[in-house]
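What follows is a single structure, written as structure tokens, with notes after it.
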Amino acid sequence: MNRRHVLLSASGLMAGACVQSPVQPPSPPRPQLPGAPLKISEGRLVRITVCTRPFRPAGPRIERELFGEKIVVHNYGHGGSGWSLSWGCAEDAVALAQPGEATSAAVIGAGVIGLTTALRLVQTGARVTIYAKDLPRETRSARATGVWSPSSRIGLRSAVSEGFGDTWERWARSSYQTHQHYIGSLGAPVEYVPFYSLRSHTPPPGAAAQRDFLHLSRRVRDMMPRGRSLPDEAHTFPVASAWRSLDMAFNIASYTDRLVRDFLAMGGRMVRRSFANRTEILGLSEGLIMNCTGYGAKALWGAEDLAPVRGQINWMPPQPEARYGLYHEDVYVLSRGDGVIVQYTGPNDDYGYGIEDETPDREEMRRAVATVGALFTDTLT
Ligand SMILES: Cc1cc2nc3c(=O)[nH]c(=O)nc-3n(C[C@H](O)[C@H](O)[C@H](O)COP(=O)(O)OP(=O)(O)OC[C@H]3O[C@@H](n4cnc5c(N)ncnc54)[C@H](O)[C@@H]3O)c2cc1C
């Protein structure tokens, strides 16, 4: 029976024209979620990047200090949440600075915190120069995963001040709103991507972190689209259970470029300069200094409460035909415009704590790639 015959039979147009056994409608095609397979293998590795999260048990330091006539405003210590919380923290830092129209200001640091602080400052009419040892694409910020993670290693329950949760929520809500402005912009600096949480089996009670990391995401859950569990027949992953949601992702390369362009277009200046100590910084001609040096604040300002938390990303070539992310057995994968990243996140937030070494760990890469590569073994090329 040809296709037309089937259609006519199914629509009843041939009823009575001939006697045949009832036609079975074809079974619906199996959905092809998640879409094009990700090609993850050691042979496709293009680079490994490592960076240090600037973790502060008490949460980010956003404070004003006076050194003679110089005003210093600190904005550092954002742990694993710097990209996510950047705008809200920048607003608080600039409010503390109280710049006037002709204020001449120095921002030390060109990571995401320096760039967003400088942008908020230049918008007040101040004359702003960014001074930094590493320019934007060389910073640790440029090596981040690039996902909305506002509560990742943001503080310890036992060390934050009372009311920190409310402050954090204000930063998170304000930052989220600003990130939205970049959706749909050239280069997609911010976008929503489908995200799959996959489980092969019911997880054993995982090793809990020894430190009492704060987890505050629940307070802003209303901002993100809701996820749902996928029935087995609705996806093609070889796992026992799958959960689908949407994640807000930052394409770090294009977001960084956009922040730099906006800052320069508003009259900002950027100068490469390394400072050996804070005396050198206080010797700058600007009366207002914004300290956005991330983990660098430990050496520069004696910020002994800063702890390094190491993180490593393994990079595969970009796959524009497969833009989604997934999490499986402690490995995080995100297909971004500038590459597919594969990151072992460890069993809990203690992973990488206290490690300053930024040397690539090839064994960690091999394990991560093997874990998630196995989800797509039939499709590797
Ligand atoms: C693996 C990994 C993944 C991450 N993923 C995410 C994520 O998905 N989402 C998220 O929100 N956050 C994420 N983070 C956290 C985020 O990257 C950080 O919180 C953020 O980058 C901190 O930004 P920053 O501008 O304070 O520091 P940095 O990016 O380190 O910038 C510091 C700046 O200060 C300058 N500086 C320092 N010392 C000196 C000196 N002596 N003289 C002159 N200049 C100096 C540096 O050159 C640099 O320009 C991740 C972090 C890691 C390690």
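Coordinate-derived values only; no laboratory data. Since we're looking at a predicted model, the values are computed, not measured. Cβ: placed from backbone, ideal geometry, glycine included. Neighbour counts: every protein chain shown.
Tabulated data for the structure shown
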| item | result |
| --- | --- |
| Relative contact order, percent, the chain [alpha-carbon distance under 8 Å, six or more residues apart] | 26 percent |
| Within-10-Å neighbourhood charge of D305 [Cβ basis; K, R +1; D, E -1] | +2 |
| Coarse-grained scattering of the chain at q = 0.09, 0.11, 0.14 Å⁻¹, given as base-10 log I(q)/I(0) from a Debye sum over alpha-carbon atoms | -0.57, -0.80, -1.21 |
| Cut-off 10 Å between beta-carbons: net charge of the residues surrounding C51, Lys and Arg +1, Asp and Glu -1 | +3 |
| Alpha-carbon centroid distance for the pair segment 323-380 / segment 45-119, whole angstrom | 28 Å |
| Potential lengthening between D232 and L96 on full extension [0.36 nm per residue; Cα-Cα distance subtracted] | 43.7 nm |
| Kirkwood-type radius of segment 27-131, with distances r between different C-alpha atoms, in Å | 16.7 Å |
| Estimated FRET transfer efficiency (R157, E63; beta-carbon r; R0 25 Å; 0.05) | 0.75 |
| For segment 304-310, 3J(HN,Hα) per residue [Karplus equation, 6.51 cos²θ - 1.76 cosθ + 1.60, θ = phi - 60°, Hz, x = Gly/Pro] | 5, 7, 7, 10, x, 10, 6 |
